Structure formats: C-alpha cells, structure tokens
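This report concerns only the one structure given below.
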Amino acid sequence: MTHDHDLVLRPTAAETSAALNPPPGRNGGDLVVETLTGLGATTVFGLPGQHALGMFDALRRSDLRYIGLRVENNAGFAADAYGRITGEAAPLLLSTGPGALTSLAALQEAAAASAPVLAISSQIPTAGLGGGRHGYLHELPDQQASFRGVVKSVHTVRTQSQIPSAIAAAWESALTVPHGPVWVEIPQDVLLAETGLPVVTALDATPKDVVPRPELTAVAAHLLSSAARPAIIAGGGVVRADAAGKLRALAEKLDAPVITTFGGKGAFPWEHPLSLQSWLEDRHTTDFLEDADVLLVVGSGLGELSSNYHTFKPRGRVIQIEADLGKLESNHPALGIHADARLALSALLETVGERTDPTAADRVRTVLTRVRERIAAQELTLEQDVLASVRRALPDDSPSFWDMTILAYWAWSAFDPRSSNSMHSAQGAGGLGYGFPAALGAAAADPTRPVLAVSGDGGALYSIAELATAKQYDLNVTWLIVDDGGYGILREYMTDTFGEATATELSRPDYVALAESFGVPGVRTTRETLEVDLAKALAAPGPSVVLLPAVLRMFAPTHLG
C-alpha cells in the first residue's frame, strides 16, 4: 500500500548527471545565490565587505541583479521598500561586524512595518564562532544576538550543506504573515571554500497561511450585523494583504465608516462617502471612534500614533483582526482574531448580514468638517498649499516615500494616496534617512513609474551618498528636499516645551549644486513654482532633486489637552 507521504519525486537522468557533475569553480557563495534564484529572487541589495567577498564573487556567475548602495543602513531601507512594493522577500547582502550592525536601524523599520527583508550576512571564520576572543577582524562574541531582538528569526550556518535549507527557512519566515526581516549569517571560510555540492534546485519555502478561527469570525459577524454604530479602523495589515477591495465591500455592506491608520493609507478610498480619511491625531475623530458600539480594527495594533497617543478609550465592543500575535489585544481588550487580514475579511464577507444606516455618510461629513475647521483656524496655508502641490504633481499610480519630516507628518493625516500600497514612510520605527534610499528600492522594483522621495534637510544628510547610487543605476526617483535649516519638528517640540531650541540648527550644503556634482539634475523651487517644477522632474527619466526652502509648521495636537 502506498501513502501520499511515501511518494518521492525522482530525478531525471539529466538532473542526475548534472548533480553528479556540478560545474567547476563554484564556492559557498554560489550556493547562496543559487538558493536565492531557486526561491524566485531577481534583485539583491547590499554592500560588500572582506568576509562577504565569496558571496559577492558568486553574483557575477548568477542572473541576479545587484543594486549596491553606499551605506548598509540605506541598503536595508532600499530592500525594505522593494519588499513593500513587490510583496517578495528582498535579499540584503552584508558583511560582518560594523557592516552588519550598520543595518540595524533599517531592519527595525522593516520589523515595525512588516516588510519582508532577507538579510544575509557573512561571519568571521568558523573557528572563531562560539564566543571566544580570537582577534578576528570585525569579531563579535555573538553577532546574531545583536539582531535577535529586531528580526523575526535568526539562522546561523556552519557548513555549506546547511546553506540552502537555512536560507529557505528564513525566506519562509520573512513571508509568513506578519511579514518581516530575518537574519542569516554564514562564516567567511564557508563562503570562500570551493564546493562540490550540486547546483541548488527544487526548493520549497511556501509561507504558511494564518487562517481565522471560524467560531470567532461567526461572533464578529453577528456583532457587526447587529451594531447600531459600527466603525472600522484599517491598518497596514490590510495594505500588505492586498485586501483593500474586501475591506471596501465589507464597509459598504455594513454602512460602516472607515478610517485608515498612517501605515494603512490607501486601504480605503479617500473620497468615499464612508471615509474618515486618516485624521487620527484629532479629537473629533477620536470621539467618533469612541462612540462606536462595535469597532472593527483590521491589521493594526492601535499603537501610539493610531490611538491619538493612547488617548483613545473605546466604549463599545472591539473586534481586532491581527496577524502579529504580539499585537493582539496588546492595548485594548477585544474579540481577538489571529489571522491574515485578507482571509479574515473574506470570512466576514461570507457571514455578515447587510445593514443600512442612512446617517453614516452625514456623520462622516460632520467629523471631517469639524477637522477642517480646526485646521483652518490655525492659519497654516503654506503647509496645505505645499502638500496640495505635491499631490497634483505626483501621478496617481506613483509610489511615494516619506522621511521623518514635518511635511510627512502632514501627509500622514492629510495626503490622499489615491491607491493602495502607494504611500510609505518610516513611521513604524521612526528613524531618519528612510525616504530617499527607500524610493531607490521602489524604483528598482518597478522602473515603469516615477517614484517620489520626500525629506527634510536633516534627514537628507543621512542619505546624500545615495545620489551616487541613483546615478549609477539610473533609478527613476525624484527627491523633494524641504530645507528649513535644521531638525524642524524637534525645533518645534523644544520651543514649545522649553521656550527655546537646542542642537536643532544645521549647517547644510547647497543641495542643488551637490546633486549636480553627482550628475543628477537639481532645481531650486518656491511655493508658487513647486507643482510645475516637481511635475517636470517626475516626468523626466532618471534621478532628480527638487529643493524647496521653506519653514513649515505642524498643526496643533489634540492629545495634550
């Protein structure tokens, strides 16, 4: 009697011959690139280093496209964006010690934003592993310990035969929801040594589905169907699961207003009659959500920014759908459903009853009117004009990547992304320097559309070296730099708190001349000419810089009083 698990795929004669007679001149690095190719990777990011040379040497014998950045952290941001845009695990090739550690801030952002990044680092020679002090260059007592609290999983390879399985396991981990960064490290001697192992084939690293429990979705469907004032908060999990269509269908079936978190922008149409847009840092919105008798939270942990700095106190029943088990009910008691957003929304659509609420759209309009009146009273026309100019200049289907800067904070609340998975920022971990290198990763993922990066002058200085990368690979990125002479938001915070600012003012270069020194065209613009100059830069192929000297201010918060 034969059982399914007894069936084994037997190699053909040609496959057997190839396995017995592998091509000469291969090393451990070839096993890395062959594994990545077998898993479906086409593009890798990184920066070479002494211990990683075996891996980089193997790239020239592969079909993988390599995008080399100038700083490891920026390479991590580029891989993060590539993963967000494609939904694929983005390989990030790094060296040991300083090179590896320099990527940590980018990997923290990837973890916070659930971006699938497959970081593969070299290690000191095998003889140095185990925590002794051998004096190798770049030696750390336990390199993976520096990453264990940041990434989803760590994998240390000690022999060449372990390479394919370790990388496949990491790939599966990165792409199992919630997506995230993973870490593989391979010693220098393992990468450099000649290998007689056959070419890597027939890899299976299919990520596991996180399926909702049916008894929980049944209860959730009943609560939503019978609610008097349901509302929905849509987070980044909806975007990552490509579930915007299902969310819209559910909202319309329930006549339930929807607000998107800053990480979930694009999960629901901005101008839809049920759209509360993204005005989460506003007490009018917070009051509305607190008044919901049933609140469905999809793909969000209701963290600091999504809860108006933890001032949000729901009074009704909360249903939370979340793929990250650590975020489930971490801030509020709820009917917690551990599941991928797409699968859970599909289950709800099949079981929820249709309801009609003729007041829903009117209540949404009332909230948005109150928000606009509050903002209008603060006389912030410059900021709104700049943001509107950016929106008009940017093609509807073009992605944008925003650094931690005042214009980005405005965009979180007020920018219409016009499509799902198109607006990205570093608001997960909140580190500076994200916008431009991330935009380069997105341009590598899809060269058919122009990509916009937005930075302040402070954040721009973190990634100015990547103008060389943009030029070398002719990446289609327009970089808008808003120059206010310092760390603008920190200047505001310190002035408001202490009466004056310290350590916020910056000496900076002539960004237009600096861009041109890299061979990248640059233009200095004004509030009045921004739309035309930005649209022209976005329409031209290749990289460009648009500099806007302007001091922007934030709208007043509501969580402080």
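The values are calculated or read from the model by the stated rules, or taken from the named source; none is laboratory data. Keep in mind that what you see is a predicted model, and the values were worked out from it rather than measured. Here the Cβ positions follow ideal geometry from the backbone for every residue, glycine too, while neighbour counts run over all protein chains shown. Heads up: the accessible areas ignore ligands, DNA and RNA and are worked out on the full protein's heavy atoms, side chains in. Shrake-Rupley method; radii C 1.70, N 1.55, O 1.52, S 1.80 Å.
What number results when the radius of gyration of region 28-118, computed over Cα atoms, is divided by 2.2 N^0.38 Å?
Details: Rg = 12.2 Å, N = 91, 2.2 N^0.38 = 12.2 Å.
My calculation over the Cα atoms of region 28-118 gives 1.00.
The distance separating the Cα centre of region 289-314 from that of region 211-239 comes to 14 Å.
Each Cα pair under 8 Å and six or more residues apart adds its sequence gap; the mean of these over the residue count of region 115-178 is a relative contact order of 30 percent. Cα convex hull, region 157-203: 69 Å³ per residue, rounded to a whole number.
In sequence order, region 293-307 has phi-based couplings of 7, 9, 10, 9, 10, 10, x, 9, x, 6, x, 4, 6, 7, 10 Hz under the Karplus curve 6.51 cos²θ - 1.76 cosθ + 1.60, θ = phi - 60°, and Gly or Pro positions carry x.
Lys-Lys pairs in the chain that are eight or more residues apart or on separate chains and whose Cα atoms lie under 23 Å of each other come to 11. Computed from the C-beta positions of Val219 and Arg449 and an R0 of 45 Å, the FRET efficiency is 0.60 to the nearest 0.05.
If you take the Cα centroid of region 240-267 and the Cα centroid of region 57-126, the two points sit 31 Å apart.
What does the charge count around Ala111 come to, taking other residues whose C-beta lies under 11 Å from its C-beta (Lys +1, Arg +1, Asp -1, Glu -1)? List each step's numbers first, then the result.
On the way: positive: Lys152; negative: Asp80, Glu109, Asp324.
Net of charged neighbours comes to -2.
Quick note on region 405-561: its Rg to Rh ratio, both from C-alpha atoms and Rh being the Kirkwood radius, is 0.97.
Potential lengthening of the chain between Asp293 and His134 amounts to 51.0 nm, from the contour at 0.36 nm per residue minus the alpha-carbon distance. If the segment from Tyr493 to Ala202 were pulled out straight at 0.36 nm per residue, it would be longer than the present Cα-Cα gap by 99.2 nm. The stretch between His310 and Ala539 holds 78.3 nm of extra length on full extension. This uses 0.36 nm per residue minus the Cα-Cα distance.
Divide by every residue of the chain the summed helix terms, -39500 (n - 2.57) for each DSSP H run of at least 4, and state the resulting mean residue ellipticity at 222 nm, rounded to the nearest 500 deg cm²/dmol.
-11000 deg cm²/dmol
Backbone geometry of region 349-354 corresponds, through the Karplus equation with coefficients 6.51, -1.76 and 1.60 at θ = phi - 60°, to 3J(HN,Hα) couplings of 4, 6, 10, 6, x, 6 Hz, x marking Gly and Pro. Using +1 at the C-beta of Lys and Arg and -1 at the C-beta of Asp and Glu, which of Thr102, His179, Ile375 has the Cα lying farthest in the positive direction of the dipole of the chain? In the chain, that residue is His179.
Carbon and sulfur atoms: what percent of the 1.4 Å accessible area of the chain do they account for? Looking at the chain in its full context, I get 54 percent from C and S. Under a 5 Å amide H cut-off, with hydrogens placed 1.01 Å from N, Val545 pairs with Trp479, Gly522, Val523 among residues at least 5 apart or on other chains. Considering only GluC sites (Glu not before Pro) in DSSP loops that have at most 10 other Cβ atoms within 10 Å, the longest stretch of the chain without any of them is 1-270. Altogether, the Stokes-Einstein calculation at 25 °C and 0.890 mPa s, with the Kirkwood radius of region 204-325 over Cα pairs as Rh, returns a diffusion coefficient of 168 µm²/s.
Overall, the chain carries a charge dipole of about 280 debye about its Cα centre when +1 sits on the Cβ of Lys and Arg and -1 on the Cβ of Asp and Glu, all other atoms neutral. Residues of region 388-407 falling in the label zone of Ser419, defined by backbone nitrogen less than 19 Å from a point 7 Å along Cα to beta-carbon, are 390-402. Calculated FRET efficiency, Arg524 to Arg365, Cβ-Cβ distance, R0 = 51 Å: about 0.80 to the nearest 0.05.
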